[in-house]
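I have placed the structure first, in the form of structure tokens, so that the comments after it can refer back to it.
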Amino acid sequence: MSFTRPFNPLDAAAEIETALPVVKHRKVTARLWRHSQARIGMILGILLLCFVIIGPIIYPHDPAKPDYGNKLAPPGSQHILGTDQSGRDQLARLMEGGMRSLGSALLVLGSVSSAGLVIGLIAGMSGGWFDALAMRLVDVMMALPGMVMAIAVVGVLGPGFINLLVALVISSWAYYARLTRSYVLTARQRQDVISARLAGIGWGRVIFTHILPGVLTQLIVIVTLNLGSMIAWISGLSFLGLGVQPPKAEWGAMLSGSRFYFTFAPWLLLGPAILIFLSVISANLIGNALRDILDPKANE
Amino acid sequence: MNEIATIQYQGLNVTYATGVHAVRGVSFDVRRGECLSLVGESGCGKTTMSHAALGLLPANTRLSGSININNIDILAASSNELRQLRGLVAGFVVQDPYAACNPLARVEDHVAEAWHAHGMTVPDQAVVQGITELGIQEPGTMIRRYPHQWSGGMLQRATIAAASAHNPNLIIADEPTSALDADRADTTLEALKQTGAALLLVSHDLAVVSRHADRIAICYAGKVVEIGDSQEIIKERRHPYTSGLLKAIPSLHEGLPEPMPGYPPDLRYQIAGCAFAPRCPHAMNICLETPPKMANGVACHLYVEHDHAKEKITRQTSTKELPRVSDRPPPEVKAKVLAEAREVSKTYRQGTRLTHAVRSASLQIKQGEIVGISGPSGCGKSTLLRLLATMEIPDAGEVYLDGELATRAGSKKIHSNLARKAYLMPVFQDPISSLDARWPIWRTIVEPLTAPHRKNQLSKEQSRQIAYDLLKGVGLENVDIEARPAELSVGQCQRVAIARVLAAKPKIIIADEPTSALDVSVSASILHLLVEFIEQERAIVIVSHDRPMLNVLCDRVLEMYDGLLVSNS
Amino acid sequence: MNSNQHYERVEIVKIIFQRLLQMFLTLLGASLIIWALLPLAPGDPAMRILQSLGVTEPTQHEVETKREELGLNQPYHMQYIQWLGRLVQGDFSESYQNGKPVLEELGRRLPDTFRLASLSLVLTIFFSISLALICTAFHNQWPDHLILFLTQIGASTPSFLIGVLTLQFVVVKLGVGKVLSQGDVKMILLPALCLSVNRSSNWSQLLRAGLLEAVNAKYSLVATARGARKLRLLFKYALPNAMLPFLTVIGLGIGGIIGGSAIIEAIFTWPGIGSFVFKAITARDYPVVQGFVIIAGASYVLASTLVDITSTLLDPRIREGGQL
């Protein structure tokens, strides 16, 4: 077995404490593009977005129109990916379903992270009763695993796409609030913040210029890292019939509907399966790269 | 027989995978029972040289030349041969004893690691004996404890016991004292010498090393530039770099330390002549063309007869007279009090444990004076500074700024407006984290000028111009004002931090260990920047563990111990 | 020596006590949330129960009596305390679907779920540790790259997707195993594997990073300089140090396994509480959903507390407090 001490670039950096600045790409997008895995992830992501946004515009079939005479048609010239159990065009349904799967994942993450940001920021900056109250609530919310919490909320609200999204929001905002708060608490003690305060800059401006940019960077990394699992949750719970109700299209629900026809029409299963996989891997690749690039520990 | 070298370096070259040519042809040896110290500033390759001796460099590092220990060439040795040397023939000690110990293993296991690692049984009492020999009495129960339960000084002695447990011929010690307080450093080095092994001591601290090492090798840019008897090196200062280094060290130099101009070269590129030539006050034409050869213990063209061009290079040197402490008029006795702490105390609570960081300390800062506060680590000196700067509220007592109440116990309010109007500005120990990592440095520098109470309306162009002028004032005219802190060296970041302070024009600078993260030549220039700031109506408070530095710099130095401000000298 | 050991033991007992207290408070908080969720359900609870009992058009009077009986006219805090009291006594109320006690219904299915979740946990831990060790031992060589590639794919395939694909391709197409496993113990391996692929991929990447950090740490360099072999470095130094933070990951991940096993159960028609609760959700059987959430939540809190206490006991830095 061969075993090599992994090369640590920081060792070398300590050796060249020279004056010459290392020329770096300052723009995050440029650095992401240079990261080969992120590049794959970004290309995939752009293609998927094109598929769900531009696709329905140029592809003529109506995803909701059943054609009972043409059920489970194999892929062909008329229906590129064939038709499903009700004779609806599979490709058009994949496009419409993708819009629902990806769009809702982004929507949920967008709302939980902004809710978490606001609550965490206020709690971290104000301290006092609001902080105590908010953090106890966060503790309680995080006492239950996210999936169980989501099942609980869908369980009482009843199955349905909106209910599912509400459940996911309720079960995941607390994490973002806690993250933001702990960042703010550390940032308040940061030396650049202390310097600014002593120099006469008010808290309001310090928050906007010194603290918020860092919080946002961190949140963007976490949101991207969680995007994959959010897509998986939404399609997974829809797969179980808790989310999108038929006849509306959604990748997880389509997967669920098509598995009974697997022996005659395996393509119906593969389409949504592949798309779910590609979306999750795209988000994961970008997320991991973002973390590598923006993580203050890795970036020093 | 005493002249036989225990370890012999011959033409060692080391290039890292990043292309950094960290060691560029180094030859020296350490004889039996001798202590040789490799001294130099960060980036000079001294650590690389020492790690190479035990084959500890990353696998993708390119090495050439040879290092001989016991007639085995380390660079050619098989991994088994290397393993036989490690621990048994050569011991190894590093800077931070806590980092050097696996936190999950007991101290006795660390001491016995060399036996365990080689599959030997640990001789009875060997561990206890090893530790007792280094001056820890009755280690019986202590060694069953974990590293975090030991104090730094004791643990460092335990790691020395671990390195010397097998009575090795050679001990390689990489900065063994720099994580310790000054008085601990001497006893630790004595303990290392007691082991009787040949000692290869890597250090940045010429002052400490000169008291213990038999010989010193001064390293610069991956080369040994001067080597010889330690007392002679200190006395004769033959190489210009040695001389510059010595002038920058407060305890070895009369008066305020003198900074060295310029920066070390980038070792990713080839260096044609002498690496020090661009910074050397005596540089000649030949220095830029031919690398000097080591002769009589010094590698410098000044000491070699050349038949051709030896004329000195004329260059624009800064003609600015260096300020000296003695030149400064003494602060007036009746000078106005700028800041005052009255009987302040601060206690931190961690679980059920209380730490009395500051106990009823009183301190006045008057116009025109530089006040130093010194003391061992954990004595509360930084807390006192933060209390004075109104960064924290005292548990007892009050702080006054310009005669106005600023903070007092029992009130979270900052009472004086001055406290948040750049009356005081801080300089911190870690310069990189004192700047916002996202901001270009010009923005950091002009930030104090944008404070609302100044009512400035600065356009971006004006701001950048101001920042550029200030950067020039702190000797950074060549630095891109758009640079982010991570693109600068530690010393440059500290200069940027000082430029920010100068922009704010505070009455008092609050400096917490402003030089301890920096190399000596850099820290000398930082001290100069601080001294230049002082004018009749201003003051500096500086906290440091470096007593000699405070002695030359300050008008008065206060000693702090265990939260108490003890003496007033 | 003796007094020292005594001192240690007191510390440990204190820490464990603190963790248990913390667990108790967490459980209390969780119960509050679970209780507070139920009123969110559409419709009047008294009406719901009457309807489930077969009274399709209850009179005003019947509804009022039921409300009184359920304690719905009392102040909220009293309702909570009564609810909690019944819970502690094991009264989880009755299922709307068949009128049987919820605890009994869930208890019958719990062993199957426990088997599936615990086997999956064991598999996940086994896979992630072995993969991470291989990666670290062959850092930057082909086994490392291969495992990184595979785990990247594994981490991007949700469990339910793996479950569906496995069921269709392996079970239906190749005829390995049965479509309706019905709790057959021999059939447990497939669902358990499906449940662990995604998580072992994630965890092995995390543990790999931890191991590399430990291998790069100064103490590993010093150990090498003392003559330690690579294997000793890996097992004696890197693994214990990387395992401590990894234990926290495991503790938090147990929640994911509980949720994930519910989905896998539904796919493989494994007769555990997971597949049961999804039927209950569709049937709007609130008491069953609530019972599931209570049991799943409590097991999670219990399991993560256990992991937390274990890691405390294993870490001398916490176990044996500050400096002497």
Would you mind counting up the charge near B:Glu236? Only other residues with Cβ under 11 Å from its Cβ, with Lys and Arg at +1 and Asp and Glu at -1. 0
Per residue accessible area of chain B, 1.4 Å probe, in Å²: 42 Å²
Given the options A:Val138, A:Val193, A:Val166, state which has the largest fluctuation in a GNM of chain A using a 10 Å cut-off (strictly under) for Cα springs. A:Val193
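For every helix of n ≥ 4 consecutive DSSP H residues, a contribution of -39,500 (n - 2.57) applies; sum these over chain B, divide by its total residues, and give [θ] at 222 nm rounded to the nearest 500 deg cm²/dmol.
It comes out at -7500 deg cm²/dmol, rounded to the nearest 500.
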Can you list the residues, at least 5 places off or on another chain, whose amide H is less than 5 Å from the amide H of B:Met560, using H built in the peptide plane? B:Ser374, B:Gly375, B:Val566
Positive-end residue, chain B charge dipole about Cα centroid, Cβ charges, pick of B:Gln457, B:Ser79, B:Gln194: B:Gln457
Which ³J(HN,Hα) values in Hz, rounded to whole numbers, follow from the phi angles of region B:35-40 under the Karplus curve 6.51 cos²θ - 1.76 cosθ + 1.60, where θ = phi - 60° and Gly and Pro get x? 10, 10, 10, 8, 10, x
Counting only heavy atoms of the protein chains, get the accessible area per residue of chain A (1.4 Å probe) and round it to a whole Å² value. 42 Å²
Mind scanning A:Lys248/C:Lys279; B:Lys293/C:Lys218; B:Lys366/B:Lys472; A:Lys71/C:Lys173; B:Lys223/B:Lys472; B:Lys46/B:Lys381 and naming the pairs with a C-alpha gap bigger than 25 Å? B:Lys293/C:Lys218; B:Lys366/B:Lys472; B:Lys223/B:Lys472; B:Lys46/B:Lys381
With point charges of +1 on the Cβ of Lys and Arg and -1 on the Cβ of Asp and Glu, referenced to the Cα centre of region C:117-282, which listed residue (C:Leu190, C:Gln152, C:Thr269) lies farthest in the positive direction of the dipole? C:Gln152
Mean separation of Cα contacts under 8 Å, 6 or more apart, over the residue count of chain C: relative contact order %: 25 percent
Scan around B:Val358 for amide H atoms under 5 Å from its own, H built in the peptide plane at 1.01 Å from N, and keep only partners 5 or more places away or cross-chain. B:Lys346
What does the charge count near C:Gly291 come to, summing +1 for each Lys or Arg and -1 for each Asp or Glu among other residues with Cβ under 14 Å from its Cβ? 0
Here the percent of antiparallel bridges among DSSP beta bridges lying wholly in the protein assembly as shown, to the nearest 5, is 60 percent
Which residues, if any, in region A:151-166 lose at least 30 square angstrom of accessible heavy-atom surface (probe 1.4 Å) when the other protein chains sit next to their chain rather than the chain being alone? A:Ile151, A:Ala152, A:Gly155, A:Val156, A:Leu157, A:Pro159
Whole-percent carbon and sulfur contribution to the accessible surface of region B:1-59 (1.4 Å, no ligands, DNA or RNA) stands at 46 percent
HN-Hα J in Hz across region B:187-197 - Karplus 6.51, -1.76, 1.60, θ = phi - 60°, x for Gly and Pro: 5, 5, 5, 4, 4, 5, 6, 4, 4, x, 7
When only Cα pairs under 8 Å and 6 or more residues apart are kept, what is the percent relative contact order across chain B? 13 percent
Long-range HN-HN contacts of B:Gly368 with modeled amide H, under 5 Å: B:Arg538, B:Ala539
Using helices alone, I'd like the mean residue ellipticity at 222 nm for chain C: each DSSP H run of four-plus residues gives -39500 (n - 2.57), total over residue count, nearest 500. -24500 deg cm²/dmol
What's the angle, to the nearest 10 degrees (0 to 90), between helix A:161-188's Cα axis and the longest principal axis of chain A? 10 degrees
Taking the Cα centre as origin and putting +1 on Lys and Arg beta-carbons and -1 on Asp and Glu beta-carbons, what dipole magnitude results for region C:117-282, to the nearest 20 debye? 480 debye
Averaged per residue, what accessible area in Å² does region C:117-282 show with a 1.4 Å probe, protein chains only? 37 Å²
Vicinal HN-Hα couplings computed from phi for region A:258-265 (Karplus, 6.51 cos²θ - 1.76 cosθ + 1.60; Hz; Gly/Pro x): 8, 6, 6, 9, 4, 5, 8, 9
Determine the dipole magnitude for the protein assembly as shown: charges of +1 sit on the beta-carbon of Lys and Arg, -1 on that of Asp and Glu, nothing else is charged, the reference point is the Cα centre, and the result goes in debye to the nearest 20. 1600 debye
Measuring from its Cα centre, region A:77-137 shows a charge dipole (+1 at each Lys and Arg Cβ, -1 at each Asp and Glu Cβ) which, in debye to the nearest 20, is 60 debye
Take the alpha carbon gyration tensor of chain C, find the square roots of its eigenvalues, order them as a ≥ b ≥ c, and report rounded if a/c is under 1.5; if not, report prolate when a/b exceeds b/c, else oblate. oblate
Buried accessible area between A and B (1.4 Å probe, both chains summed, ligands and nucleic acids excluded), in Å² to the nearest 100? 3600 Å²
Summed over the other residues with a beta carbon less than 12 angstrom from that of A:His35, with K and R at +1 and D and E at -1, the charge totals +3
When the accessible area of region C:49-108 is computed with all protein chains present and a 1.4 Å probe, what percentage of it is carbon and sulfur? 54 percent
Contact surface B-C: accessible area buried, both sides summed, square angstrom, 1.4 angstrom probe: 2900 Å²
Tell me which of A:Gly127, B:Leu470, B:Pro292 sits at the most positive position along the dipole axis of the protein assembly as shown, charges placed on C-beta atoms (Lys, Arg +1; Asp, Glu -1). A:Gly127
Chains A and C: what accessible area do they bury, summed, in square angstrom to the nearest 100, with a 1.4 Å probe? 4500 Å²
Over region C:117-282, what percent of the accessible surface lies on carbon and sulfur atoms, probe 1.4 Å? 73 percent
Where in region C:270-285 does accessible area fall by at least 10 Å² between the isolated chain and the complete protein assembly, at a 1.4 Å probe radius? C:Phe278, C:Ile281, C:Thr282, C:Arg284
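The values are calculated or read from the model by the stated rules, or taken from the named source; none is laboratory data. From a predicted model like this one, the values you see are computed outputs, not experimental measurements. In this analysis, Cβ positions are derived from the backbone assuming ideal geometry, glycine residues included, and neighbour counts consider all displayed protein chains. For the accessible areas, the whole protein counts, side chains as well, though only heavy atoms, and no ligand, DNA or RNA atoms are used. Shrake-Rupley method; radii C 1.70, N 1.55, O 1.52, S 1.80 Å.
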